[in-house]
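Below you'll find the structure, written out as C-alpha cells, and then a few comments.
Just so it is clear, none of the values below were taken in a lab; they were calculated from the coordinates. Quick caveat: nothing in here was measured; it's all calculated off a predicted structure. Positions of Cβ are generated from backbone atoms using ideal geometry, with glycine treated the same way; all protein chains shown enter the neighbour counts.
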Amino acid sequence: MEIAPVTTETPPDDAPVIVWFRRDLRLADNPALAHALATGRPVVPVYIHDEGGTVRPAGAASLWWLDGSLRALAADLAAKGAPLVLRRGNCEAELRHLIAETGAATVFLNRLFEPEAWSRDADIAHGLKAEGVECRGFNGSLLARPGTVLTGSGGPYKVFTPFLKTLLAGTEPSPPVPAPAAVSGVGTLASACIDDWSLKPTRPDWASGFVGTPGEAGAAAALAAFVDHGLGTYSRDRDRPAVPGTSRLSPHLHFGELCPWRAVAAARSAAADGRVPGPEAEKFVAQLGWRDFSTHLLHQFPAMADRAFRPDYDAMPWREDPAGLAAWQTGQTGFPIVDAGMRQLWATGWMHNRVRMIVGSFLVKDLLIDWRVGERWFWNTLVDADPGNNIQNWQWIAGSGADAAPYFRVFNPVTQGEKFDADGRYVRTWVPELRRLPDRWLHAPWTAPPEILRQAGIRPGHDYPRPIVDHARARLRALDALRTITPARNSDD
C-alpha cells in the first residue's frame, strides 16, 4: 500500500493532537489522553481497525469483546465532547489521512510491547518524525515498562519470584488520574460505522453466551465486585472453578479498560482498611505481576512467540492427532474436568485459570500435541487472549518456558478434578450428561459399576465418551518423549 506523505509546514498553535487508542480503551488513568489534554489543544481520538498489517490479528472471541469496548468508549467520548473516529485499514496510512485532514502535528499513544506491534509503531513513529509529526508514547498497560525491571547485572529476569520482588520494590505506583470532565474535539470527521465491521461472530453466533461487560464502566464494576466479594478468600477460592473466586478482570486489563495500578490500589486499600487480609491482597497483586512478567519476557525474547524459550524443546517429538485435537476442542475427551473446561471456554469465551492448566497439560502431555496448537485455539476462543500471557502460560505448561513447570509434571485430570471440584458442581454445570452420577465416580465415570451407570442414565460411548487415552500410559509416553530432549531425572509426580 502506498503511504502518502504528510505536510511538513509549521503547524499553527491551535493545531489538534491525535490520540491513537489501541488497547487502552478508557478515559481514566490514560497517560496518552492526559498528556494530549495537557497541551490545551483540540483532541482527535481515533481507533484504527488494523487490516493486512504485521501485527497478529485478534481472535474471534476477542473481537466480540472489542466490539463492546469500542461502543462503550465511543459513548464516553461523545459525552465528553470529542467523538471517537473509527478507521479501518493500514494503521500508518490511516494515521496519515487523519493528519492531512486535521493538520495535527502530534500523535499521542500508549505503547504496545509485543514484538510485532512494537516494531510497527517504531516504523510509524520514525516515518512521521521525518515529516515533522511527533509521536509520543507512554506506558498505559503494565505496572512497569519492559526494560526497567532488571537483574543486578542489568539483564532481564527469567524467574518470576525475584522479578516480582524487584518490580514491587523499585517501581513507583502510577497515581490515579480521573476521567476528564470534558474533551475538546475538532468537529465532524469521517468515521466508519462499527456495525459495518461485523466484529461479532454470526455464522454461527457462538458468542451468544459470552460473559462480561466490556467497557470502562464494566471494568470498574468488576473490580469493585471482586474486592467486595472475592478478594478476602482469593488464595483459597481462586483454584476452585465452581466458585466465583477469581477477579475476572483479565479481559478488562487486556483491552486497557482498567489500569493495573488502579487494581493494585483497590486491593491494598481494602487490606489497609481491614476489609481483607493483607496476604490475600498481595496474592492478587502477584498475579498482576505475573501478567507483567509474561509481557516483559515476550518483549525481551521475541522468538518465544513461536519458538520454545528453552531451545531444546523445539526438538520435542510432537504427535499429529486430528481426532484427539477435535475431541479436546469440543470437550469430548472422556475426562470430565477437561471436557467441562473446554465447553466453558466455547460457551462463555472464558475458562477458569486452574482448568486452563489442566486442559493445557492434557493437550501437550497426554496427547503430545504441540503447545502452539493449543495457544492458537485459546487465541481464537478467549475474550482475554493476551499475547504475553497466552504464550508464556502455554510454554509454562509445556515445560519449555522461562520459570516453567518441571518437565515431568503431568497433571492427572482425575485427581485434579477430585481435588479442585470435589463436589462436582463445575463438572455438572458444563457436562450435564453426568449430573446424576455420584461424586465418587464423577471424575472417572468409566470406573463406575454398570448398575451405577444405568441409574445415572449413562451409556459409555453413547451418552458420554470413553476416555480417548489411558492417562497412565499417556504419562509414560510423555515422559519418554521428554527424556529424549532433557537430562534424565526422577519422574515421580
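Tabulated data for the structure shown
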item	result
Using θ = phi - 60° and Karplus 6.51 cos²θ - 1.76 cosθ + 1.60, couplings along the stretch 446-458 (whole Hz; Gly, Pro as x)	5, 8, 6, x, x, 5, 5, 5, 5, 5, 7, x, 10
Degrees, to the nearest 10: 115-129 long Cα axis against longest axis of the chain	10
Amide hydrogen neighbours beyond the local backbone of V85, cut-off 5 Å, H modeled	V46, Y47
The stretch 210-219 - phi-based ³J(HN,Hα) in whole Hz, Karplus 6.51/-1.76/1.60, Gly and Pro as x	4, 10, x, 10, x, x, 4, 5, x, 5
Mean ellipticity per residue at 222 nm, deg cm²/dmol - from DSSP H runs of n ≥ 4 across the chain, formula -39500 (n - 2.57)	-13500 deg cm²/dmol
Test item: Cα-centred dipole of the stretch 260-324, Lys/Arg +1 and Asp/Glu -1 on Cβ, debye	320
Computed label-point distance, nm, for sites E134 and R88 using a 7 Å Cα→Cβ extension	3.5
Exposed GluC sites (Glu not before Pro) absent: longest stretch of the chain, with sites in DSSP loops and at most 16 other Cβ within 10 Å deemed exposed	132-319
Local electrostatic count, R307, Cβ distance below 14 Å [Lys/Arg +1, Asp/Glu -1]	-3
Spatially close lysines, pair count over the chain: Cα under 24 Å, gap of eight or more or interchain	5
Inter-site label distance for D273 and D306 at 7 Å from Cα along Cβ, in nm	4.8
Whole-Hz ³J(HN,Hα) from phi, Karplus 6.51 cos²θ - 1.76 cosθ + 1.60, for the stretch 282-295, glycine and proline x	6, 5, 5, 4, 4, 5, 5, x, 4, 4, 4, 4, 5, 5
Amide H within-cut-off set for F108, under 5 Å, with H built and near neighbours excluded	I18, V19, W20, R136
At 1.567 mPa s and 4 °C, Stokes diffusion of the stretch 341-493 via Kirkwood alpha-carbon radius, µm² per second	78
Isotropic mean projected area of the C-alpha convex hull, the chain (nm²)	25.3
Residues whose placed amide H lies under 5 Å from that of I369, excluding near-sequence neighbours	R319, V364
Debye, to nearest 20: dipole size of the stretch 311-483, +1 on Lys, Arg Cβ, -1 on Asp, Glu Cβ	480
Bridge type composition, the chain - antiparallel percent by DSSP, nearest 5	5
Inter-label distance for V159 and N353, nm, one decimal - labels placed 7 Å from Cα along Cα-to-Cβ	2.2
